[in-house]
C-alpha cells in the first residue's frame, strides 16, 4: 500500500520506525546493564553508539531524534528544578561562583598548557580547552538525584559548578569568531559584557515571570479540572521559558532549570512533577541515546592512542583539577575527590563549542573534533559507572592528603582542647532535621553531645545557637579521634551521602569498635549491608514512613491504642525490628480550655494482659499511675460510670484520661502490672557512669 502514501508520509513512517528500533535496542541494552547491576543510562548511551550513524546506521533522520532529545533534556532539567526549590538553591551560591570559576579557569589553563606542549597552535588550543572544561549537566544531575546526593557536600559543589559552566558557554562562543580573525579584542570584551548583561536580565525576567505570572495562569488552568490542559500548560511553560532564555543567549536546559526552581515553591510543583514525569522519562531516554550516537567507532580504530590520551586527560586530568578547585574551597580531601569524579566527563555543550570552532576554521572536523568527541562520549559512558562506584574509588583521596595539610585543611576542625577528657557523650554526624531533633532531646535530658557537619553555614548557625558543633568529616578517622569517639556513649550517623555512610562505618570500626552506632538510611534494602559494616541499629526512612502512615490511619479509624501498638510491633518485627516506641497524635480535651492539657486514650483488654479478670478497684489506676478510667465499652455499649467491683473481660475497651505521662504509665501497667518510674523521679546519671556500669 505504499502507493497510497506521499513522500512526506513515507519519511514520517521511516522516522517513527527508526525511533521504535532505537528505543527497542535501548530497552535491551538497559536490561543488560540492570542485570549487571549497572546504571540504565549506560545502556542507553551504548544503544545510541550501536544504532547511530557511526555504528550500524539504523538512524538516517538524526535531526528528528535530536529535536525530541532536546525536548527531553529540557523536561529533565525542568523536573530536577521542581525538586530543587530556591531555598536549596541559595545554599550553592559559594560553590557556583567561586568553585565554578576555579574549576573552569584551572581546567582551561591546564588543557591549554598540555595542547601547547603537544605542538597544537594557540587558536586550536583555546576551543579544545573550552570544550574540555565543560561537563555533562544532564547525566550528572540525574545521577545525583537518583542517589540522593544533591544535598551532600560534594553534591552542592557539583551542582553549583555545572550551573556556572552553562553560564560560561556564552562568552566561550563569543570568543571563537575573534580567534578566527572575525573581530578584535575590544569588540570581544564589549560583546561578552553585553551578553552577560543580557543573560542576567534574562534570569531576572525568568524569575519574575515564573514567580508572579505562572501561578496566576496555573490557578486558572486548575479550575478547568482537566488533566490534559494542565499537562499542556506545564509543557508550554517549560518549553516557552527554555526557548526564551535560549534567545537571550542562555542554554535551553538552564532556562528550564530556572523555571523549575521557581515553580518548586508553588502549590503546583508536586502535580506538575507527577504529570510530566512519564513523558520526561521517554524523551530523556532519547536524549541519552542521541548522545551515544556521537560516538565515532572509526575514530577509535584510526587513532586509538589519541582517543585514549584525550580520554585520560578528561577523566583523570579534569577530575584532578576539579578536586583541586574543591580543595581550594576548604573541602576535605574525600569530598573534594568525589566532587572531582562527578565532574570528570565531557559535556553536551562541548560538542557545540567544537562544531562552532570547526565552522570558523579553528579545528578540523575530520581530525581533532572527531577524536575529542569520541573520547568525550567515552567519558560520558563511564560517568554513571564512576558515580555508581564512587564510594569504592574514594580511596584516591589519599593523593590529596599532602595538599590538604599544606593548605591547612583538616578533615575535622575540632580543637583537641575543646574535647579533652570528654566521655559518655553522643556524636551526631549530620545536623539536618534528624540531627537537630536528637540534639534537642539530648539537651533536655542533660546529655552532652558533639555535632559533626560538612556544611560550613550550618556549623556557623549551630554555634550561634550555642551548640557544640564542628566542621568535620565524620568519615575521617582523624576527626573521630578529635571528638573522642572511642569514649562516646553512642555515634549517630544521619548524613545523606550513601558512600560517605559506608566510609564512616569503616572509620568508626577502626577508631571506636566497641561504641554502638545508629545510622539512618533511605531504603530497607540497605540495612543488611550497613549492619555487616558495623552498624548497631539501622533506621530506614521508608519503614518509618510506612509505620507512621499505618498508625495514623488506624487512629483515624478509631482502633484502640494497644491494638495499634501490636500492629506496629508486627511491622517492625518483620522489617527493621527497631525498639523505638510509637508516637501518635493524642486525642485532646481541647473543647474546654481548662482541660486542654489532659489526654484521652483507649486500651483493649485482649486476654493476655495483666488487667484481664481484675476489677477497677483492684487495679487502682489513679493511685498507681495518675490516670483515671472515665468510661468502659463492652459488647457495643458504653458505660460512662463503670462499676469499680466488676471484673474486666476480654474485648472490653477502657477509656483513660490524664496527663501524657500518666496515660503512658497506665498503658504499661495494664499490660504488665508494673508501674514505670516517673520521669520526674528519674536521676539522669552521667553518661560516663552508665558506660562504666555497662
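Residues 281, 652, ranked from the fewest to the most other C-beta atoms within 10 Å, line up as 281, 652. A protection proxy built from the mean count of other Cβ atoms within 10 Å ranks the segments 491-499, 667-675, most packed first, as 491-499, 667-675.
Sorted on the mean count of surrounding Cβ atoms within 10 Å across their residues, most packed first, peptides 16-23, 100-107, 336-343 read 336-343, 100-107, 16-23. A straight line joining the Cα centroids of region 324-392 and region 204-240 runs 35 Å. Length gained on full extension, residue 563 to residue 646: 27.6 nm, using 0.36 nm per residue less the C-alpha separation. The fewest-to-most ranking of 553, 352, 73 by surrounding Cβ atoms within 10 Å reads 553, 352, 73.
Note on 146, 645: ascending count of other Cβ atoms within 10 Å places them as 645, 146, the fewest first. Region 503-533 and region 449-489 have Cα centres separated by 18 Å. One compactness figure for region 629-669 is 1.21, namely its Cα radius of gyration divided by 2.2 N^0.38 Å. Size descriptors for region 453-585 (Cα atoms only): Rg and Dmax, in that order, 17.5, 53 Å.
No value in this document is a laboratory result; all are computed from the given coordinates. No experiment lies behind these values; they were computed from the predicted model shown. Cβ coordinates were reconstructed from backbone atoms using ideal geometry, including for glycine residues, and neighbour counts include every protein chain displayed.
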